[in-house]
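To start, the structure under review is shown below, and the notes come after it.
The values are calculated or read from the model by the stated rules, or taken from the named source; none is laboratory data. These numbers come from a predicted model, not from an experiment. Note: ideal-geometry Cβ built from the backbone for every residue, glycine included; neighbour counts use all protein chains shown.
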Amino acid sequence: MSTPETVAAPSWRARLRRVPWQQLTPLAGLVLLVIVGSLMHPAFLTSTNLFNVLTRSAFIGIIAVGGTFVIIGGGIDLSVGSMAAFLSGAMILLMNALYGGTISPVGVVLIGVGLVLGSGLLAGAANGLAITRGRIEPFIVTLGTLGIFRSLVTYLADGGTISLNFALRGVYRPVFYGSFLGVPIPVWAFAVVAVLGAILLHRTRFGRYVRAIGSNQEVARYAAIRVARVRTLTYVIQGLCVAIAVVLYVPRLGSASASTGILWELEAIAAVIIGGTALKGGSGHIWGTVVGAIMLSLIGNVLNLTSAISEYLNGTVQGLIIIGAVFLQRGRQGR
Amino acid sequence: MAHEPILSGIGLSKSFGPIEVLHAVDVDVRPGEVHALVGENGAGKSTLMKLLSGYHQPNAGEVVLDGRPVRFPDSNAAEAAGIVLIHQELNLVPDLTVEENVFLGREPHRFGLVDRGAARRATAELLATLRTEVPVTRRVRDLSVSQAQMVEIAKAVSREVRVLCMDEPTDVLTGRETEVLFDLVRRLTADGVAILYVSHKLDEIMTIADRVTILRDGHKIGTFDVGDLTPAEMARRMVGRELADMYPPKPAVPDDAPVALEIEGLDVPGFVHGASLRVRRGEVLGIAGLVGAGRTELFEGALGLRPAHGSVRKDGRPVRWRHPEDAKLDRVAYLTEDRKAKGLLLGKNLRENVVLQSLERFARPFVHLRAEQQALEGAVEEFDVRVARLDVEAGALSGGNQQKIVLAKLMLTEPDVVILDEPTRGIDVGTKRQIYFYVGELLAKGVAVVLISSELPEVLGLAHRVVVMHDGAITGTLDGAGLDEETVMAYATGLRRDPPPATLESPRVHT
C-alpha cells in the first residue's frame, strides 16, 4: 500500500485532471457576463464600450491587486477608499499651491505624482506597522485609519470640494483620458500593475512567504520567515496601489471631496473574493482579482445598457454575484 | 474473560478513494478487558476504531453489538449505544468552560434553563475521580494540553459508556497523569467496561492491556494475550521484520571536538531561569524533564522564537538571535514539537513545505519550481517518505511521513546544530528507528544534536550527555554512559539537584 512511487512525466489526462477547475469559476462567470451583455445590447461588444468598462475597472482593480496581497497574507485593509480620498485631496492642494511659481505645470504634476506615491507607501506602512509591531487586529487598525483619512480629507476640503487648478487640469488630463496604441492609459496602468503583482505574488520568495503566512503564521515564524516584515510590506504594497489609483483618478474629475472613494474598500475586497482568494488567507491569484474587478464594472455596464433591470439595482446584482462566487468556490475551501 | 464480546467487527474493510487502508479485519472486545491495537503509522488502527464507533462506514464487513449486526450511521448513534471514542485531536470547544464542554449538547435543565449548578457539581465529581485539579469554570483555552486531555476523558466517562475507545491517550500526559489514567482504566474495566486502546508505547500496552491485536498495512497479523508476547516480539510482528538494534552505535565524542553551541545563564521569563549548557560537534545532548519543565522554552528563547536574555555562543562567537532567521543564518535549526500547528502548512503541497525554510536557495529572484521539485524528490528518497503521489497536501500524510517532511525542510537549510524537540512523538516504531539512525548520520558529519524528549529510552539510547530540567531550571548534567531512567527521573522530579557549575569549564561529569 505504501510503497514509494516515482513520479513519471504527467500524461495529458493527468494534467487535465490537475487543472483546478474550481479556480476557473471567476473566468467562467466573466465569459458568461460578456455573452449575456452582447446578447442584450448591440453596443456592448464594441471596443469603445469595452475599453470604457476596463477604464472604469482600473481604479478598483489596481487597489484590489494590492488587496490581494493583504488578504492572502491573512489581513484586511478597510482604509483604502478613505486613503484614496485623502491622497487625492492632498495631491490637488499641493499642486495648486505649487502652480504659478517657478516650476512648470508638467513639473508640478510630476511632483504631485511623486508625493502621492510616497505618501501611499507611508500610509500603508503606518497601517502595517500598527498591525504587526502594535499587534492590533488588521480590521481594527484599518477601521481606525478609515475614519482618520476620511475626516482628514473632509478637513482639508473644509467640508466642500477641492478642485484642481484649470491650467493644471489641461496638463494632467491625458493621464486619464489619453491612450497609447489605441488602449487607454488607465488600462495600461491596470495591466502593468496586475502583471507586476502576479510576478511578485507567484514567482518570488516574497509572494511565497505571503501565502505561507496567510496559511499559518506560526509555521512561517518557525520556518525563520520574517513574518512581521512580510506582513507590513503587504500593507505598503496596498498603499502604493492606492496611490497609483489616485494618480489616475485625480485627472478624471480634477477634484476631491468627502465623498471621494466611498465604499471603494468593499468593492476592492469584493473583487479579490470573487477572484477566488480565500478571505481567511493563504491562497489566491492576481488574475482572479483582475477578473473580479472587471466583472464588477461589467455588471454596472450591462445594467446601464439594457433596461431589463433598473441600474439602481446594480448593488443587488453585485451582491448576489459575490455571494454566488463564494458559494461556487466553497468546495475548494471547505476542506 | 470467557464473556461474550460486547462489540466486534467482522471482515471490516475500508477504502479512502482508491486506497484500501483496512482489509477484512476481525476484532472483538469483551466486557472488562483492555484490548490494545498496535501497528505502525498507517497500519489502520485509527480507521478500525472509527469504523467501530460510527465515525466511518465500512466498505465491507459488519459491526456486531451484543451478537446482533448494527449500523451506526454516525458517531452519535454509536455513543447512544455506549460506544465512545476519545479523539487524538482534542474535541473540546476552547472558549467554553470545562463544565460546559463536559455537558455540551446534553446540558442538565431545570425550569427550562440550563442547570449550571448541577452540571458544575457533576463535573467537579468526575474530575475528582480523575484526580485532576482543574476549576470547572475555567475555559478550556487556558488549560494545558494534558489537562484538556483529562477533561476529554471526563466527558467520555460522564456518559453511559460500555466501550471506550482511546486513541493515543497518554501522548500528551505526564507520568503521573498516565498513572491516574491507568487507575481509571482499571476501575472502568472492573465495572465491566471494555476499553479499546491505541498506543505506540509498547511498555504501556504491556502494563495495561489484556489482549493485543497487531495490524500491519491494513491487515490483521493476529490477536494475542499480552502475557504471551514480549515487547520485542510485538514490535517485530508490527514491522514484519526483525528490529535490529533500535539505536545507532554511539561513537565517542573526541576530546578536542569544538563546542558548537553554548548557552549561559539564559532566562526565559515565566519559563526558564539561569540555564547553562553546551553541546559539541558530533555530540548528542539529551534534554530530559517532565512536561512543563521549560525544555522547549529554553531553546525557543535561545533561538529568538520567544523573549529571553542571557548569553549564547555559536562556535565560540557570541551571538544574539533576535529572530529565528538570525539563528538560521548561523546554521542552527529547531524542529518544533508541534508538527501540525508550527511545523507544516497542512493545506499546502509537499513541495512548498519542504523548501519553505530555505527558499532563498530556490528563488533568486524568481522561484524555480523544477529545482523545488527536485529538492522534494531528493528529500522523499533520503528520508524514505512513503507517499503514493508527491502532489498531495501535507495534511494528507501520516504523522511519521509528516515528521520526515518537516525534518527534510529543516535539513535543507544545512544546519550544523540541530535541535530536535520530541522528534518521535506520535510516530511508529519503524519510523522512530529511521530517525534515530538519521541522528547517527548527522553525528558522523560533525553536526551537534540537541534532543529534547519525554521518552527516556530514546534519550538514554542516543545522548552522550543528558541535561535534566525541573521547573524551569537545570537540575543536573549527567553522563549518558551507564545512566538509568531512575536517576534521570530523580532529577526531573526535583528530588535530586546538583549545584549549578561555577563555570561551564567544569561541568559535573565529563564525557
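Of note:
- When the criteria are applied in full, A:Leu200 fails the requirement of being in contact with a helix residue (DSSP H, G or I) (Cβ under 9 Å, 6 or more places away or on another chain) and either away from chain B (no Cβ under 14 Å) or small (Gly, Ala, Ser) (or both).
Residue-wise test of (1) crowded, with 23+ Cβ neighbours inside 10 Å; (2) small (Gly, Ala, Ser); (3) within 14 Å of chain A (Cβ to nearest Cβ).
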position	(1), (2), (3)
B:Ile287	yes, no, no
B:Val291	no, no, no
B:Gly316	no, yes, no
B:Leu346	no, no, yes
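Condition check ((1) more than 13 Å from the chain's Cα centre (by Cα); (2) assigned to a helix (DSSP H, G or I); (3) within 14 Å of another protein chain (Cβ to nearest Cβ)) across all residues:
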position	(1), (2), (3)
A:Ala228	yes, yes, yes
A:Ile237	no, yes, no
A:Val247	yes, yes, no
A:Gly261	no, no, no
A:Glu265	no, yes, no
A:Ala268	no, yes, no
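- Selection status of B:Ala43, in the same structural domain as B:Phe224 (by TED's automatic domain parsing), aliphatic (A, V, I, L, M) and buried (at least 20 other Cβ atoms within 10 Å of the Cβ): yes
- Residue in the stretch B:382-398 that is modelled with pLDDT under 95 and closer than 22 Å to A:Phe206 by Cβ present: yes
- Pairs with Cβ under 7 Å, 6+ apart, first in the stretch A:159-178 and surrounded by 13 or more Cβ atoms within 10 Å (Cβ to Cβ), second charged (D, E, K, R): A:Phe176/A:Arg252
- The single residue among B:Leu369, B:Leu346, B:Leu376 that is under 14 Å from B:Leu412 (Cβ atoms) and hydrophobic (A, V, I, L, M, F, W, C) turns out to be B:Leu376.
- Each residue in the stretch A:309-328 was checked for being exposed (fewer than 11 other Cβ atoms within 10 Å of the Cβ) and not in a helix (DSSP H, G or I), and 1 pass.
- Among the candidates A:Leu156, A:Leu143, residue that is closer than 27 Å to A:Ala97 by Cβ and among the hydrophobic types (A, V, I, L, M, F, W, C): A:Leu156
- Qualifying residues in the stretch A:270-296 (those that are small (Gly, Ala, Ser) and part of a helix (DSSP H, G or I)) - the one nearest to A:Leu30 (Cα to Cα): A:Gly292
- Of all the listed residues (B:Val63, B:Val102, B:Val98), the sole one being among the β-branched types (Val, Ile, Thr), buried (at least 21 other Cβ atoms within 10 Å of the Cβ) and under 30 Å from B:Lys14 (Cα atoms) is B:Val63.
- Within the stretch B:476-499, the set of residues being out of contact with any Leu (no Cβ under 9 Å at 6 or more places or on another chain) and either within 17 Å of B:Ile452 (Cα to Cα) or outside the structural domain of B:Ile287 (by TED's automatic domain parsing) (or both) comprises B:Gly476, B:Leu478, B:Asp479.
- The residues of the stretch B:327-337 that are buried (at least 16 other Cβ atoms within 10 Å of the Cβ) and over 15 Å from B:Val450 (Cβ atoms) amount to a single one, B:Lys328.
- Hey, B:Val387 at the interface with chain A (Cβ under 10 Å from one of its Cβ atoms), free of Cβ contacts under 8 Å to residues at least 40 places away in the same chain, β-branched (Val, Ile, Thr) and touching a Lys or Arg at 6+ places or on another chain (Cβ under 9 Å) or not: no
- Selection from the stretch B:118-149 of residues that are within 26 Å of the chain's Cα centre (by Cα) and of a type in the set (S, T, N, Q): B:Thr129, B:Thr132, B:Ser144, B:Ser146, B:Gln147, B:Gln149
- Residue match in the stretch B:395-417 (condition: more than 15 Å from the chain's Cα centre (by Cα), farther than 24 Å from B:Glu283 by Cβ and small (Gly, Ala, Ser)): yes
Matching residues to (1) more than 9 Å from chain A (Cβ to nearest Cβ); (2) acidic (Asp, Glu):
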site	(1), (2)
B:Ala308	yes, no
B:Lys328	no, no
B:Arg331	yes, no
B:Glu337	yes, yes
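- Residue count for the stretch A:178-207, restricted to those that are in a helix (DSSP H, G or I) and more than 20 Å from the chain's Cα centre (by Cα): 1
- Test: residue in the stretch B:364-371 that is buried (at least 17 other Cβ atoms within 10 Å of the Cβ), within 9 Å of chain A (Cβ to nearest Cβ), charged (D, E, K, R) and at negative phi: no
- Strands (runs of 3 or more DSSP E) contained entirely in the stretch B:436-493, each with at least 2 residues that are in contact (Cβ under 8 Å) with a residue 12 or more places away in the chain and under 29 Å from B:Gly400 (Cβ atoms): B:448-452, B:465-470
- Annotation note: of B:Glu160, B:Glu262, B:Glu168, B:Glu177, the sole residue that is among the acidic types (Asp, Glu) and surrounded by fewer than 18 Cβ atoms within 10 Å (Cβ to Cβ) is B:Glu160.
- Residues satisfying the criterion are present in the stretch A:284-303 (criterion: farther than 23 Å from A:Leu50 by Cα, under 19 Å from the mean Cα position of the chain (by Cα) and within 14 Å of chain B (Cβ to nearest Cβ)).
- Looking at the stretch A:24-120, the helices (runs of 4 or more DSSP H) lying wholly inside it that each contain 1 or more residues that are at pLDDT 90 or above and touching a His at 6+ places or on another chain (Cβ under 9 Å) sit at A:47-72.
- Checked against (1) at pLDDT below 90; (2) facing chain A (nearest Cβ under 8 Å); (3) in contact with a Leu (Cβ under 9 Å, 6 or more places away or on another chain), B:Pro324 passes all but condition (1).
- Among all residues of the stretch A:212-224, there is none that is under 17 Å from the mean Cα position of the chain (by Cα), in a helix (DSSP H, G or I) and β-branched (Val, Ile, Thr).
- Some residue of the stretch A:107-125 being more than 22 Å from the chain's Cα centre (by Cα) and crowded, with 18+ Cβ neighbours inside 10 Å: yes
- Unmet criterion (only one of (1) loosely packed, with under 15 Cβ neighbours inside 10 Å; (2) at pLDDT 90 or above) for B:Val268: (1)
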